[in-house]
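The values are calculated or read from the model by the stated rules, or taken from the named source; none is laboratory data. All figures in this text were calculated on a predicted structure; none of them were measured in a lab. Cβ placement follows ideal geometry from the backbone for every residue including glycine, while neighbour counts extend to all protein chains displayed.
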Amino acid sequence: MKVLVPIKRVIDANIKVRVKADQSGVELNNVKMAMNPFCEIAVEEAIRLREAGTVDEVIAVAVGTGQSQETLRTALAMGADRAILVETDLAPEPLAVAKLLKALVDKEAPGLVILGKQAIDGDNNQTGQMLAGLLGWSIGSFVSRLQIEGETVRVTREVDGGLENIELASPAIITVDLRLNEPRYASLPNIMKAKKKPLDTVTATELGVDVAPRLEVLKVVEPPARAAGVRVSSAAELVEKLRNEAKVI
Amino acid sequence: MSILVIGEHDNTSLRAATLNTVTAATALGAEIDLLIAGSNCQGAADEAATVDGITRVLISDDPSLADGLAENLAPLLQQIAGDYTHVLAPATTFGKNLLPRAAALLDVQQISDISLIEAPDTFVRPIYAGNALETVRSTDSLKLITVRTSAFDPAGQSGAAPIEAVSGGHDAGLSKFVGEELTRSERPELTTADIIVSGGRGMQSSENFQMLEKLADKLGAAVGASRAAVDAGYVPNDYQVGQTGKVVAPTVYIAVGISGAIQHLAGMKDSKVIVAINKDEEAPIFQVADYGWVADLFEAIPQFEAALDSPAS
Ligand SMILES: Cc1cc2nc3c(=O)[nH]c(=O)nc-3n(C[C@H](O)[C@H](O)[C@H](O)COP(=O)(O)OP(=O)(O)OC[C@H]3O[C@@H](n4cnc5c(N)ncnc54)[C@H](O)[C@@H]3O)c2cc1C
């Protein structure tokens with residue numbers, strides 16, 4: 001069985017983003033970029049499935065500019081077998097990404113697609129669910145445990161009330177949550193090896209997908225800052241302030 | 001214009017997030033239908049009928065809809081969405097799982113997690129863990145939207161709307177609900193609580209969390225946690241507040257032994273009053289705290305609890 005793992009290049013999770021002065025977006029120039037943390041977990045899970053013998057081939061896919069090749073090389077260095085870049089100049093919206101991925105699924109016929117539950121840039125949390133809808137496949141979203149037994153995929157999902165266990169028919173879409181695994185770091189020898197692994201490029205046009213945006217971004221601004229607070233030095237002072245100043249307890 | 005709100009419920013009663021979603025729908029200024037799709041869900045539909053601001057409740061009752069599986073629910077939405085200009089669901093794990101699937105079936109680019117409605121086609125939503133606010137205008141004729149519940153007050157429940165049946169649920173045969181492990185608690189729910197006491201890695205163990213629970217009980221508060229505390233196994237996953245956990249905006253949020261990483265702030269910085277207790281005076285949590293107390297939590301929490309017993313002056 002093949003597994004497709006779509007991954008996204010985003011601003012590194014440790015970087016504080018800055019909104020551009022012209023309100024057109026956030027500053028991406030000269031900012032440290034990295035693989036979306038949820039995507040790392042997806043790559044890790046796919047590699048573990050291959051190591052366990054459940055999966056034969058792990059294919060990493062990115063949708064974006066040529067710079068996303070870097071992110072794909074990271075996935076290859078972690079252990080993915082080959083990579084596909086769907087090259088676009090604009091950053092397509094989740095629906096367009098899902099359509100591009102569907103086109104690749106139709107070509108590659110994987111038994112499983114594993115994605116991050118959200119990308120930490122747009123925080124949309126849509127692509128995996130949309131892909132499942134377009135393909136008419138089952139979905140396990142926000143997964144913290146994954147078990148594959150023959151044609152049945154068993155997942156534990158992190159939901160608002162706790163955990164939920166469901167069974168999915170194959171092929172399935174999985175979107176991963178933080179606690180599924182701890183992704184590995186790529187070793188130096190593996191980074192060297194990754195340079196020789198196959199990385200193909202296709203375009204949206206070649207895949208026959210219209211990626212024109214449906215949403216128009218009117219502006220991007222910083223959220224209002226909170227007013228500076230005060231320090232307290234005892235429990236009595238804290239309780240007094242909460243009671244008499246803030247009047248909240 | 002006409003609006004469909006997808007009600008979240010457990011078949012017998014309505015989940016609170018539905019009420020906030022109806023309030024968001026009300027801001028659009030058109031008739032609102034509230035869908036209760038479930039199995040043996042008359043109880044939830046009866047409660048839905050009391051929600052202020054809605055025109056009618058649509059009930060779709062079918063065994064395949066019992067457990068909120070997106071594979072079975074999305075085709076139902078696809079079938080009825082054509083009657084509406086807007087379909088809204090709460091940005092809960094239920095809504096986030098379901099709505100994008102329906103959006104794909106309807107060829108609509110969903111707008112996730114809106115915190116403000118500027119016009120029927122224009123919405124504000126947080127991006128980058130709330131470090132930026134994006135205003136987007138949708139060019140789709142049908143709008144599918146998930147609503148950040150903490151940004152909208154709950155609708156009242158003094159109405160009596162009619163309930164009409166819609167058919168359409170069927171088992172897609174793709175997925176099966178097996179069971180759930182829900183966290184049971186007598187305390188208020190995190191997303192609706194007025195006061196939240198939240199603990200981080202500084203708590204060091206699940207035993208120590210009992211200290212926070214005692215404080216929470218004295219305050220009538222819910223208990224939350226940082227990701228680090230959940231990852232370490234001190235508390236269950238549904239306690240997590242943050243970019244990838246729950247987004248809360250209580251009247252008071254008390255962060256104990258939490259450093260204040262941006263991903264945590266993303267889930268609580270719209271709280272009315274923030275209290276931080278941390279032994280590191282440089283901890284970033286103090287930058288958003290209204291009341292910051294540099295202290296060792298193991299001394300501070302018992303003292304805080306004791307001070308609550310002293311009569312108000
Ligand atoms: C993709 C991604 C998503 C994430 N999503 C979330 C999320 O949703 N929610 C979330 O919370 N985090 C999230 N994180 C993790 C986040 O970056 C931080 O790692 C996490 O919030 C840290 O938790 P903490 O503050 O409890 O731990 P730490 O950062 O380790 O802080 C512990 C604090 O406790 C204090 N302390 C220790 N002992 C004491 C004592 N005795 N008395 C008083 N103070 C003490 C320390 O001074 C320190 O400030 C995410 C990270 C990533 C990469």
Open item on the list: Against the condition under 17 Å from the mean Cα position of the chain (by Cα), more than 9 Å from the ligand (Cβ to nearest atom), more than 8 Å from chain A (Cβ to nearest Cβ) and outside any strand (DSSP E or B), how does B:Ser271 come out, does it pass?
Closed with: yes
Task: Single residue of B:Asp231, B:Asp171, B:Asp238 found to be free of Cβ contacts under 8 Å to residues at least 12 places away in the same chain, closer than 30 Å to B:Ala70 by Cβ and either away from chain A (no Cβ under 12 Å) or surrounded by fewer than 24 Cβ atoms within 10 Å (Cβ to Cβ) (or both) - done: B:Asp231
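Can you find, within the stretch A:203-225, the residue that is farthest from A:Gln69 (Cα to Cα) among those that are away from every other protein chain (no Cβ under 14 Å) and buried (at least 17 other Cβ atoms within 10 Å of the Cβ)?
Within the stretch A:203-225, the first condition is being away from every other protein chain (no Cβ under 14 Å), and the residues that meet it are A:203-208.
From what is left, the residues that are buried (at least 17 other Cβ atoms within 10 Å of the Cβ) are A:204, A:207.
Details: A:Ala204: 16, A:Leu207: 18 Å.
Ranking the qualifying residues of the stretch A:203-225, first place goes to A:Leu207.
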Task: Test set (1) more than 11 Å from every other protein chain (Cβ to nearest Cβ); (2) polar (S, T, N, Q); (3) buried (at least 19 other Cβ atoms within 10 Å of the Cβ) - B:Gln109 fails condition number - done: (1)
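Could you list all residues from the stretch A:14-38 that are within 30 Å of A:Ile148 (Cα to Cα) and either at pLDDT below 95 or within 13 Å of chain B (Cβ to nearest Cβ) (or both)? Even if it seems obvious, please write down each step before you answer.
First, pick out the residues of the stretch A:14-38 that are within 30 Å of A:Ile148 (Cα to Cα): A:34-38.
Residues satisfying the conditions are A:Asn36, A:Pro37, A:Phe38.
Where in the stretch A:77-170 are there strands (runs of 3 or more DSSP E), lying fully within it, with 3 or more residues that are within 11 Å of chain B (Cβ to nearest Cβ)?
Filter on the stretch A:77-170 gives A:138-149, A:152-159, A:162-169.
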Task: Restricting the stretch A:48-63 to residues that are outside any loop (DSSP other than H, G, I, E, B) and surrounded by fewer than 22 Cβ atoms within 10 Å (Cβ to Cβ), the residue that is farthest from the ligand (Cβ to nearest atom) - done: A:Glu57
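Within the group A:Ala228, A:Ala186, which residue is outside any helix (DSSP H, G or I) and away from chain B (no Cβ under 14 Å)?
Working: A:Ala228 fails: away from chain B (no Cβ under 14 Å).
On inspection, the qualifying residue turns out to be A:Ala186.
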Task: Checklist (1) at pLDDT below 95; (2) within 9 Å of chain A (Cβ to nearest Cβ) applied to B:Arg125, failing item - done: (1)
- [ ] Quick one: A:Ile11 ticks every box in (1) within 11 Å of another protein chain (Cβ to nearest Cβ); (2) surrounded by fewer than 18 Cβ atoms within 10 Å (Cβ to Cβ); (3) within 16 Å of the ligand (Cβ to nearest atom) except a single one, so which number is it?
- [x] (2)
TODO: For the stretch A:149-168, indicate whether the set of residues that are surrounded by fewer than 22 Cβ atoms within 10 Å (Cβ to Cβ), closer than 13 Å to A:Arg73 by Cα and not hydroxyl-bearing (Ser, Thr, Tyr) is non-empty.
DONE: no
TODO: Evaluate the stretch B:274-286: report whether one residue or more is within 7 Å of chain A (Cβ to nearest Cβ) and in contact (Cβ under 8 Å) with a residue 24 or more places away in the chain.
DONE: no
TODO: Return a yes/no flag: does the stretch B:254-268 have any residue that is closer than 25 Å to A:Asn14 by Cα, facing another protein chain (nearest Cβ under 10 Å), touching a residue at least 40 places away in the same chain (Cβ under 8 Å) and in a loop (DSSP other than H, G, I, E, B).
DONE: yes
TODO: Go through the residues of the stretch B:131-141 one by one and say whether even a single one is buried (at least 23 other Cβ atoms within 10 Å of the Cβ) and more than 8 Å from chain A (Cβ to nearest Cβ).
DONE: no
Open item on the list: Suppose we filter B:Ile145, B:Ile195 for residues that are within 10 Å of chain A (Cβ to nearest Cβ) and more than 16 Å from the ligand (Cβ to nearest atom); which single one remains?
Closed with: B:Ile195
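Quick check on this structure: which one of B:Ile258, B:Ile285, B:Ile301, B:Ile254 is under 25 Å from B:Arg148 (Cβ atoms), of a type in the set (A, V, I, L, M, F, W, C), more than 8 Å from the ligand (Cβ to nearest atom) and buried (at least 24 other Cβ atoms within 10 Å of the Cβ)?
Working: B:Ile258 fails: more than 8 Å from the ligand (Cβ to nearest atom); B:Ile285 fails: more than 8 Å from the ligand (Cβ to nearest atom); B:Ile301 fails: under 25 Å from B:Arg148 (Cβ atoms).
Selected residue: B:Ile254, the only one of B:Ile258, B:Ile285, B:Ile301, B:Ile254 that is under 25 Å from B:Arg148 (Cβ atoms), of a type in the set (A, V, I, L, M, F, W, C), more than 8 Å from the ligand (Cβ to nearest atom) and buried (at least 24 other Cβ atoms within 10 Å of the Cβ).
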